[in-house]
Amino acid sequence: MGRYILRRVLIAVPTIIVISFVVYAILALAPTDPLSQFGADPRVPPEVRATIRTSLGLDDPWPVRYVKWVSALGRGDFGISFMSHSPVMSLIQQRLPNTLAVVGVAYVIGVVLAIPIGMISAVRRYSLFDHVATTFAFIGFSVPTFFTGILLIIVFSINLRWFPFIYDSNLQIHDIGSFFDQVKQSIMPITVLALFDTATIARYTRAEMLEHLPLDYVRTARSKGLREQVVILRHVLRNSLIPVVTLVALGIPAVFGGAIVTEQIFRVPGIGELLVRSIGDGDTPVVAAILLIFAVLVVSFNLIADVLYAVLDPRIKYT
Amino acid sequence: MAAPAAEITKSGILVTTLTRPPRSLWKDAWWQFRRHRLAMIALGTLVFLILFTLIGPLLYHTRIDDIDFLLSLKGPSSAHPFGTDDLGRDLLARVMFGGRISIAVGIIAVMLAITLGTTIGAAAGFFGRFDNPLMRITDLFLSLPVLPLLLVIIYLFRDSLRSAFGPELGIFIMIVGVIGILNWMPVARLVRASFLSLKQKEFVEAARSIGARDRRIIVRHILPNVLSPVLVAATIGIGGAILTESTLSFLGLGFPSDVPTWGRILYDARNYLDIAPHWAIFPGLAIFLTVLSINFIGDGLRDALDPRKSS
């Protein structure tokens, strides 16, 4: 087991290095100069600009710059943003809690709702509940998140005036009233994401349960005289959840991707909004850092999924 | 189905034979598919949507770029069934035109992804020596953060492709290309897994023993057996590609506003939700209905093509 985990980690580390290289190469080789915004002030004479570029090491060949970037990353230095002239690290630290709050709550709600829905749907197959739940799941992952967001804004912000449609990041929680304001402004972004998560996970849970229900061990459990509740919860659900757990882990990076869209609609000042804005501004250090963070997220959750799968299912051989 | 024919054989046993013309695999699949009610409704909806975007503009003559400020942000009316946008342009015409591009992007991007995925998966599954390197590359691509990377690539390469191929074709090539190149991995895994198990089968051995070359075995013998899961993946992939294109356009990094794809219309509409909600609702509904129908059709195809299920 220990060796298996070690092997997966040893695969994950070079993967991250290669991805960081690819990300850097794309930024460096792009025909649009990612540094064109830098010192774009027309009052700066071209020779001064050239001196600045040289002094910053921007004229080095890009593999050299890549090595410098990576070794700086190793010291925890993500560089300085071209736009705000503050360290990239502190920009990300400001934004990350907003994203984590919205994405995290939405994902937890999604998982908590989806597993019982998928389970009941599978046990009562072809019942009214199953039809409603399956249709809802289909709708949930076919409707683009930006359209759900827009519909929610039209219905709840504009027509009913229940929730604000712009997220106020300066809101400080100091009493019950401001806590409710925070809840009110978070409801719509969280709903949009949770709807999508619930739909995907519920559909998957249902399919897994249906695979397991006709198996022999279920019949054995029933013929032992176990109550149906015990058969479903202790036997079928436990086995069906193994692949679901991996799906939940694998889905987390995609959820961060979805947050890019949601943050854009509701103007949540999170890491996705920072990415879209930095791309527009040509703020290369921020873009490179966020891409790397996303890559690390994907690789780590793939690793977690692999390890969880092996831990939960003793039939998996550790190779 | 023909009536059962009963006859008595010489030994005096009554034998009932069901006579029915033999059905090919595809006819059988179609027969199965027709019984999936939701998939049939979805197929009808999708055919309607495609005709709406292809034939609609031939019947509905309003141009997509006629600007009329007197009519700006008007709701649906008999002259403009879907209303107008901030420049007074007719939204029905724009939604019809945009659908052509959105659907074309979906289909072509998936064709690219399927071609890449099948080739790589077949090579990895059939030739043992390619397996490890190709699967490492597949894993690497699966670890890429797709949406952020798409945004960055499009931002960086947009201008040069635009100048090389013209504003519309350049963006089209780029969006189709990046969606295709970042989505072949699931197909490659699927094809590889099927190849690994199929190449051990007797029919492959039989083909080899009569002297068939690798190329012929792959194309004529193994590939047809992999077709149905690939077809299901392709169908669902088209929905995914349409969603990706709309998402990119919605983030302002897809097509420019003179090429009104569904996502782009929504992007333009998002600041007028309070006074002109119709502007966002019609293109949004179009995306939603298209993707929903495609997903239902994919589901129906999966049931119809699954040999374990057909009776």
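FYI, it's all coordinate maths here, none of it is from the lab. It should be emphasised that the depicted structure is a prediction, and the values quoted were computed from it without experimental measurement. Neighbour counts are summed over all protein chains in view; Cβ atoms, including those assigned to glycine, are modelled from backbone coordinates with ideal geometry.
Odds and ends about this structure:
- Relative contact order computed over the stretch A:205-319 (Cα-Cα under 8 Å; 6+ residues apart), in percent: 26
- Using alpha-carbon coordinates, inclination of helix A:128-142 to the longest axis of chain A, degrees: 10
- Packing-based exposure ordering (other Cβ within 10 Å, fewest first) of B:THR244, A:THR246: A:THR246, B:THR244
- Cβ-to-Cβ counts within 10 Å put A:HIS212, B:HIS61 in ascending order as B:HIS61, A:HIS212, the fewest first.
- A prolate overall shape is assigned to the stretch B:204-289, the ratio a/c of its alpha-carbon gyration tensor axes (a ≥ b ≥ c) being 1.5 or greater and a/b exceeding b/c.
- Taking the average, over residues, of other Cβ atoms within 10 Å as the packing measure, peptides A:138-147, B:196-205 rank A:138-147, B:196-205 from highest down.
- Prolate/oblate/rounded label for chain A (Cα gyration tensor, a/c 1.5): oblate
- Helical runs (DSSP H, four residues minimum) scored at -39500 (n - 2.57) apiece and divided by the length of chain A put the mean residue ellipticity at 222 nm at -24000 deg cm²/dmol.
- Ordering A:VAL132, B:VAL230 from the fewest to the most neighbouring beta carbons within 10 Å gives A:VAL132, B:VAL230.
- Solution diffusion estimate, µm²/s, Stokes-Einstein, the protein assembly as shown, Kirkwood Rh from C-alpha pairs, 20 °C, viscosity 1.002 mPa s: 78
- Prolate/oblate/rounded label for the stretch A:105-160 (Cα gyration tensor, a/c 1.5): prolate
- Kirkwood radius for chain B, taken over all pairs of different Cα atoms as the inverse mean of 1/r, rounds to 22.5 Å.
- Per-residue [θ]222 nm for chain B (sum of -39500 (n - 2.57) over DSSP H runs n ≥ 4, rounded to 500): -22000 deg cm²/dmol
- At least 24 Å along the helix axis (C-alpha) and Kyte average at least 1.0, DSSP helices within chain B: B:37-54, B:91-126, B:146-165, B:223-250, B:277-305
- Whole-angstrom gap from the stretch B:130-206 to the stretch A:275-299, using each part's C-alpha centre: 21
- Per-residue ³J(HN,Hα) for the stretch A:178-190, Karplus 6.51 cos²θ - 1.76 cosθ + 1.60, θ = phi - 60°, Hz, x for Gly and Pro: 6, 5, 5, 4, 5, 4, 4, 7, 8, 4, 5, x, 5
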